[in-house]
Amino acid sequence: MSGTRKTLKAHMGEGIAPVVRLPESDETVTFTIDGWEVTAPKGSTILQAALSEGIEIPHFCYHPGLSAAGNCRMCLVQVDGRPKLEPSCIIPAADGMEIVSSAENVTEARKAVMEFLLLNHPLDCPWCDKAGECMLQDNTFEYSSGKTRHRMVKRTYPLKDFSDRLMMFGDRCIKCTRCIRFLREIEGGEEFALYNRGADVDVGTYLEHNLSNNYQGCLADVCPVGSLISKQFLYHSRVFFLEASLGICTGCSAGCNLYVDRYENRVARVRPRPNLDVNDWWMCDIGRYEWDTLLDNRILSPRLKAGEAVDGEKALGTAVEALKTAGDGLAGIVSATATCEEAFLFDSMIRGMGGVTAPWYGPQGRIDPTDKNDFLHRKDPNPNTLGVESILENASTFDDILTRIESGSVTTLFILGADLTDEIAGKLGGVAQIVTITSSESPASVAASLVLPGTIPFEKSGTFVNGDGRLQRFDQALQLPDDALTEIGILSHLITECGTGEPCEDTAEAFAALAGTVTAFKGLSFSTIPTGGTLLQIRGDA
Amino acid sequence: MSADVYRGVENREPILMTPEAVEGLVTLEEYRSKGAGYTALEKALKTMTPEEVHEEVKTSNLRGRGGAGFPAGVKWGFAPKDTGKPTYLVCNGDEGEPGTFKDRWLLRQTPHRLVEGVLITSYAIGCNQAFIYLRQEFDREAVRIRSAIEEARESNLLGKDILGSGWDCEITVFMGAGAYICGEETALLNSIEGKRGMPRVRPPFPAIVGLYGCPTIINNVETLSNIPAIINNGGAWYASYGTEKSTGTRLFSVSGRIANPGVYEVEMGVTWSALLDDLCGGPSREKPFKALYPGGSSTPILKASEIDDVIMTHEAAFELGTFLGSGATIVLDEDDDIVDVVLNLATFYKHESCGQCTPCREGCRWMVEILQRIADGLGTMDDLDLLIDVADHICGNTICAFGDGAAGPVATAVKKFRSEFEARVAVSTARGSE
Ligand SMILES: Cc1cc2nc3c(=O)[nH]c(=O)nc-3n(C[C@H](O)[C@H](O)[C@H](O)COP(=O)(O)O)c2cc1C
Ligand code: SF4
Ligand code: FES
């Protein structure tokens, strides 16, 4: 074996190092790259096989989720000693092939491509949002000669404004056509095209300001340079100051996997985390751009009816009192946005005190969590419909509880995360005690006699079950103030005080309690749920 | 005056530029009475299997006349049979290579012969729908081809159950929209499909995944125009013309500083001098030849001294580091300025690059920038090496052969005529030191 194995560099960062979908085939091919043996399913290209083995062949236009275009010419390698270099993103790997990726003719061709790409590049990294996660920057450091021999005026393009989400710094564009292919092959709208020819070639829409699809953020993601830029993130922060944690989108029942990028203790942006079983490399703009509605009308401290502030200890005491005195007048409503652990603790608490629990799906009622609006986005706006339902098996329905409320037999109502509607809240007049645990104001918090502040998903860890029955875990991105409790903290306190269960220190313990009780979760533990999630044996709608 | 003449060697008849063809075999009646019209098609359909037709063409060793010189019979063999998909034949009549005008001659003078060649080829490869792709400017040629198709249809030479054989074949004429790159075969397929005219990456090759994803054979107008004669007289007869590896005759479009520019048919293997001096009458301005682009602007330039006693074959051209390309010979004399010529052509390529792949898109523009400043007297000696370096970095690294065609001739010209480039740079150096 010769040479050192060029491995994918850590600087590419998690989420940038490509997750590759290899062709499905029972047959494999074995070949070598610079003497290193690689085995891949038949039909894999050289580049796919290399990347999936962690061997770096530099590239730009190849994106694992798109068809190979072969236009950047960065991935050229020598195949079986043929005199002409071949694009590794195009050539299928074959048994016994000998690929050379480190010889001088190959590195010289790469240097040439880098020089060509940088000829007209503005080199404006200091104020480019992509700096730090830019393939051009990375490959320049790694593969270019570091010098320029160009001494004419650089080609420039006007800034383009596509929508309130996306803009384009055309000077930085390397014409890899990833964006065009994304819209053609994945999103389906074909709004982008190449215009003009030769060195005047330009990318974009025919008319400005008319991009309206739900996947514009993905265009900024697939852009390997800082050309297509998400306006929400424009000049927001340098990416190398961001810290990423694993998240799950709460925008709908698809459960797209995310990176939650935070700057200090704020969310700077969310971006898709590739998961070939869920969202591939993508997420929709609703999830990407509307998460900040979670921050609207936050409830940050406990209060009694009509805004009367109350300290935390007293508030918890009031809640315990309400539970203990409820008798058979106790009912609970849990939103399908609650995590599995929250729903489980809440349900154990209500049932432990002799009450009944029902799920709340939102004003629109229950929607089949498998129904889609487009290739990703689902009609069910709840991230955890199937999770909550499998935990509340044999529970009551919301309509049932409402009937009981209207007949006056509910005296104490606990609400976890549900917003309710004004109309429903108007029917709660006869309920003596309404305890709402929620993160933001809603008809349910207005109607409450006691409001306990809840958290938003970024402030906690937990699990959701998506519309396909896949259990997925997410981590806490933001730190809470020292004295603040998550829902799990609150519920654990109430359960312990009422003597109906053991305290849970954290999500993992709550999950362990859940796994010990609910059949679908048997045998699982929070820390061993794979990052890509795991399918549960539960009855979906399909 | 243009001279459309056949240069045979002793006692050989022309194949394409027969006296009757020079006069014009435009109508079906003319083609039948004076050009053995459609006898080859009849022979193929009535007495030969498709495999036998294919075999004759292989025996003829007819090589593609569109530029790359790939053996037609071998190419036909690449189309898979029994895929459950139709197989298409596309005749490339884009004729965009600067200096080339021989396909135009064939389309105008012998449109039926092309139609017959397309039909026989379709029969051989199992195609029932062929296309003839013509460049946008060929409107008069399109009229001739279209009327030939209609005449053929009326005589049951095209359409359903051709000549009672039970075999159907349609030919559709498709007009391009004026881009040089659409002559490149895969860009041409995109163009027919209504897409942007950009070459496709290979693999897959068009013989396997071509037009509308179906197996497709693409051949040049001249290539296909030779098929009827090959079927009538046999592949061995055709191969008796020319040399062993470069068989047959070829049409050359000769232009530039030449006394009698025009289209000439020569047997492969005659000397360059036989074409340029004997047939074309030598230089037009009483200045000696300086250089020539032997096969079109995409083929590396030759010094006049390099072709002394050299014969015209694919192999001989290759040995000189160039190609016969599309047979477009552009001749330059002592008064022509190589820097201006190279700049002119580089500007053409910069404009025509599809812009898809990095080396060609950026490199073609860069070469023009460098050449322009040399021509403007602003260049440096370093620029000459830079120019060669840029050209070398384009060559071989692009999606299609456009990049090689654009860059190869530039590098060659700088190497072969370095003193002329240096003289231009010296002007700027002198000016700089004033
Ligand atoms: C940039 C470019 C332009 C081309 N233009 C033409 C053309 O105008 N006509 C043509 O017949 N072939 C042209 N070709 C060659 C075709 O790609 C193809 O090789 C040819 O049509 C095949 O036919 P043949 O094998 O009969 O020569 C061009 C190739 C390139 C790379
Ligand atoms: S070599 Fe030039 S013309 Fe050919 S694909 Fe690349 S950019 Fe287009
Ligand atoms: S990654 Fe292969 S050519 Fe761009």
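The values are calculated or read from the model by the stated rules, or taken from the named source; none is laboratory data. Computed from a predicted structure; not experimentally measured. Please note: Cβ atoms are built from the backbone with ideal geometry, for glycine as well, and neighbour counts cover all protein chains shown.
Could you figure out which of (1) away from chain B (no Cβ under 11 Å); (2) on the phi > 0 side of the Ramachandran plot; (3) modelled with pLDDT of 95 or more isn't true of A:K175?
Here A:K175 clears every test but (1).
Please name all residue pairs, on different chains or six or more residues apart, with Cβ atoms under 6 Å, provided the first residue is in region B:383-408 and is near ligand 2 (Cβ under 9 Å from one of its atoms) and the second residue is of a type in the set (D, E) and modelled with pLDDT of 95 or more.
Short answer, once both residue conditions are applied: B:C400/B:E184.
Go through region A:349-390 and give me each residue that's over 19 Å from A:I333 (Cα atoms) and assigned to a loop (DSSP other than H, G, I, E, B).
Across region A:349-390, the qualifying residues are A:D368, A:P369, A:T370, A:D371, A:N373, A:D374, A:F375, A:L376, A:H377, A:K379.
Hey, can you tell me all the residues within region B:347-389 that are more than 11 Å from every other protein chain (Cβ to nearest Cβ) and among the hydrophobic types (A, V, I, L, M, F, W, C)?
B:L371, B:I374, B:A375, B:M381, B:L384, B:I388
A:I99 passes all but one of (1) in contact (Cβ under 8 Å) with a residue 40 or more places away in the chain; (2) at the interface with chain B (Cβ under 8 Å from one of its Cβ atoms); (3) more than 9 Å from ligand 3 (Cβ to nearest atom); which number fails?
(2)
Can you tell me which residue is farthest from ligand 1 (Cβ to nearest atom) among those in region B:390-406 that are at negative phi and at the interface with chain A (Cβ under 8 Å from one of its Cβ atoms)?
B:H393
With respect to the numbered conditions (1) away from ligand 2 (no atom under 16 Å from the Cβ); (2) within 12 Å of another protein chain (Cβ to nearest Cβ); (3) surrounded by fewer than 20 Cβ atoms within 10 Å (Cβ to Cβ); (4) over 26 Å from A:C89 (Cα atoms), which one is the sole condition not fulfilled by B:D340?
Only one criterion is unmet by B:D340, namely (2).
What are the pairs, 6+ residues apart or on separate chains, where a residue within region A:125-138 that is at positive phi has its Cβ under 7 Å from a residue that is assigned to a helix (DSSP H, G or I)?
A:G132/A:V239; A:G132/A:F240
Among the residues of region A:77-103, how many are outside any loop (DSSP other than H, G, I, E, B) and within 16 Å of ligand 2 (Cβ to nearest atom)?
Qualifying residue count, region A:77-103: 2.
Checking the conditions here, which among B:I208, B:I171, B:I192 is crowded, with 23+ Cβ neighbours inside 10 Å and among the aliphatic types (A, V, I, L, M)?
Going through B:I208, B:I171, B:I192 in turn, the sole match is B:I171.
Name every residue in region B:144-181 that is touching a residue at least 24 places away in the same chain (Cβ under 8 Å) and part of a loop (DSSP other than H, G, I, E, B), in order of residue number.
Residues satisfying the conditions are B:S155, B:L157, B:L158, B:S165, B:W167, B:D168, B:G176, B:A177, B:G178, B:A179.
Any residue at all in region A:459-480 that is more than 27 Å from the chain's Cα centre (by Cα), touching a residue at least 60 places away in the same chain (Cβ under 8 Å) and in a loop (DSSP other than H, G, I, E, B)?
no
Determine if region B:74-84 includes at least one residue that is buried (at least 16 other Cβ atoms within 10 Å of the Cβ), away from ligand 3 (no atom under 16 Å from the Cβ) and among the hydroxyl-bearing types (S, T, Y).
Checked against the condition, which is being buried (at least 16 other Cβ atoms within 10 Å of the Cβ), away from ligand 3 (no atom under 16 Å from the Cβ) and among the hydroxyl-bearing types (S, T, Y), region B:74-84 yields no hits at all.
Of all residues in region A:39-76 being in a loop (DSSP other than H, G, I, E, B) and more than 21 Å from A:C223 (Cα to Cα), which is nearest to the other protein chains (Cβ to nearest Cβ)?
So the residue we want is A:G43.
Give the residues of region B:393-410 that are among the small types (G, A, S) and either part of a loop (DSSP other than H, G, I, E, B) or within 16 Å of ligand 3 (Cβ to nearest atom) (or both), sorted by residue number.
Scanning region B:393-410 gives B:G396, B:A401, B:G403.
Those residues that are in a strand (DSSP E or B), under 27 Å from A:G362 (Cα atoms) and in contact (Cβ under 8 Å) with a residue 24 or more places away in the chain, I need them from region A:252-289; list them, please.
Result: A:N257, A:L258, A:Y259, A:V260, A:V267, A:R269, A:R271, A:P272.
May I ask you to verify whether A:A315 is assigned by TED's automatic domain parsing to the domain that holds A:G417 and over 13 Å from the mean Cα position of the chain (by Cα)?
yes
What are the residues in region B:69-113 that are more than 14 Å from chain A (Cβ to nearest Cβ), of a type in the set (G, A, S) and either in a loop (DSSP other than H, G, I, E, B) or within 16 Å of ligand 2 (Cβ to nearest atom) (or both), if any?
B:G69, B:G77, B:A79, B:G84, B:G99
Taking B:I374 as the residue in question, decide whether it is aliphatic (A, V, I, L, M), free of Cβ contacts under 8 Å to residues at least 60 places away in the same chain, outside any loop (DSSP other than H, G, I, E, B) and in contact with an Asp or Glu (Cβ under 9 Å, 6 or more places away or on another chain).
When the stated conditions are applied, B:I374 passes them.
On the given criteria, is A:A40 closer than 26 Å to B:R200 by Cα, at pLDDT 95 or above, away from ligand 2 (no atom under 16 Å from the Cβ) and among the aliphatic types (A, V, I, L, M)?
Yes.
Any idea which of B:T329, B:T322 is more than 16 Å from ligand 2 (Cβ to nearest atom), among the polar types (S, T, N, Q), touching a residue at least 40 places away in the same chain (Cβ under 8 Å) and in a loop (DSSP other than H, G, I, E, B)?
The match here is B:T322.
For region A:141-167, what are the residues that are away from chain B (no Cβ under 14 Å) and either out of contact with any Asp or Glu (no Cβ under 8 Å at 6 or more places or on another chain) or β-branched (V, I, T) (or both)?
Answer for region A:141-167, where residues must be away from chain B (no Cβ under 14 Å) and either out of contact with any Asp or Glu (no Cβ under 8 Å at 6 or more places or on another chain) or β-branched (V, I, T) (or both): A:F141, A:E142, A:G146, A:P158, A:L159, A:S163, A:D164, A:L166.
Whether any residue in region A:209-222 is within 14 Å of another protein chain (Cβ to nearest Cβ) and crowded, with 16+ Cβ neighbours inside 10 Å is what I want to check.
No: region A:209-222 contains no residue that is within 14 Å of another protein chain (Cβ to nearest Cβ) and crowded, with 16+ Cβ neighbours inside 10 Å.
Just to be sure before I move on: is B:F323 away from chain A (no Cβ under 14 Å) and among the aromatic types (F, W, Y) in the structure I sent?
Criteria met by B:F323.
The rows are residues; the columns are (1) within 23 Å of B:R63 (Cα to Cα); (2) out of contact with any Cys (no Cβ under 7 Å at 6 or more places or on another chain).
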site: B:F205; (1), (2): yes, yes
site: B:I208; (1), (2): yes, yes
site: B:Y212; (1), (2): no, yes
site: B:V221; (1), (2): yes, no
site: B:V263; (1), (2): yes, yes
site: B:V270; (1), (2): yes, yes
site: B:D277; (1), (2): no, yes
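Which of the numbered conditions does A:S102 fail, given that it passes all the others? Conditions: (1) among the polar types (S, T, N, Q); (2) at pLDDT 95 or above; (3) touching an Asp or Glu at 6+ places or on another chain (Cβ under 6 Å).
Answer for A:S102: the failing condition is (2).
For residues that are touching a Phe, Trp or Tyr at 6+ places or on another chain (Cβ under 7 Å) and away from every other protein chain (no Cβ under 14 Å), scanning just region A:102-140, find the one that is farthest from A:D200 (Cα to Cα).
A:G132
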